[in-house]
Amino acid sequence: GGGEEEARVKAAVDVGVQLALPCAIQVVSTPLHLMGLDLYNHRSGAAGAGSGGGFGARVGRVAKEYVPSTLARMGRILPAFGIGGVLNKWTRRTVNDALQ
């Protein structure tokens, strides 16, 4: 009936979100991570001084590494939090249903 179809759609949406969201968040978190790494690795006393090269240089380095780093982080996080999360949820539900 309609309830079964609604439950199937909800389950599919839940899985889709659980797979997509950890990867999607990398779009935001990767530049923050890269900026932190750049601040650590290219320290400078005052803005524009030292090996940092100023804010523009930092942004350029982050932009250069953004796409490969984001894709790498997505590839690393998908198995752990996406697929692992889906399988964990399915396993817990299956075991709980079997025990009841």
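Quick look at the numbers
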read-out: Relative contact order computed over the chain (Cα-Cα under 8 Å; 6+ residues apart), in percent; value: 36 percent
read-out: Cα-based helix-to-principal-axis angle, 26-41 vs the chain, degrees rounded to 10; value: 30 degrees
read-out: For peptides 92-98, 67-73, sequence by mean Cβ density within 10 Å, most packed first; value: 67-73, 92-98
read-out: Debye log10 I(q)/I(0) for the chain, one point scatterer per Cα, at q = 0.23, 0.25 Å⁻¹; value: -1.11, -1.19
read-out: Chain lengthening between ALA24 and VAL59 when straightened (0.36 nm per residue, less Cα-Cα); value: 10.5 nm
read-out: For peptides 82-88, 12-18, sequence by mean Cβ density within 10 Å, most packed first; value: 82-88, 12-18
read-out: Label-point separation, SER44 to ASN96 (7 Å along Cα→Cβ), nm; value: 5.3 nm
read-out: Using θ = phi - 60° and Karplus 6.51 cos²θ - 1.76 cosθ + 1.60, couplings along segment 71-85 (whole Hz; Gly, Pro as x); value: 5, 5, 5, 4, x, 7, 8, 4, x, 6, 9, x, 5, x, x
read-out: With every protein chain in place, the chain: carbon and sulfur % of accessible area (1.4 Å); value: 68 percent
read-out: Inter-label distance, nm, simple model (7 Å from Cα along the C-beta direction), LEU37/ILE77; value: 1.4 nm
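The values are calculated or read from the model by the stated rules, or taken from the named source; none is laboratory data. The shown structure was predicted, so the numbers you read here are calculated from the model rather than taken from an experiment. Glycine gets a Cβ as well: all are built from the backbone with ideal geometry, and neighbour counts include every protein chain shown. Keep in mind that these areas ignore ligands, DNA and RNA; they rest on the heavy atoms of the full protein, side chains included. Shrake-Rupley method; radii C 1.70, N 1.55, O 1.52, S 1.80 Å.
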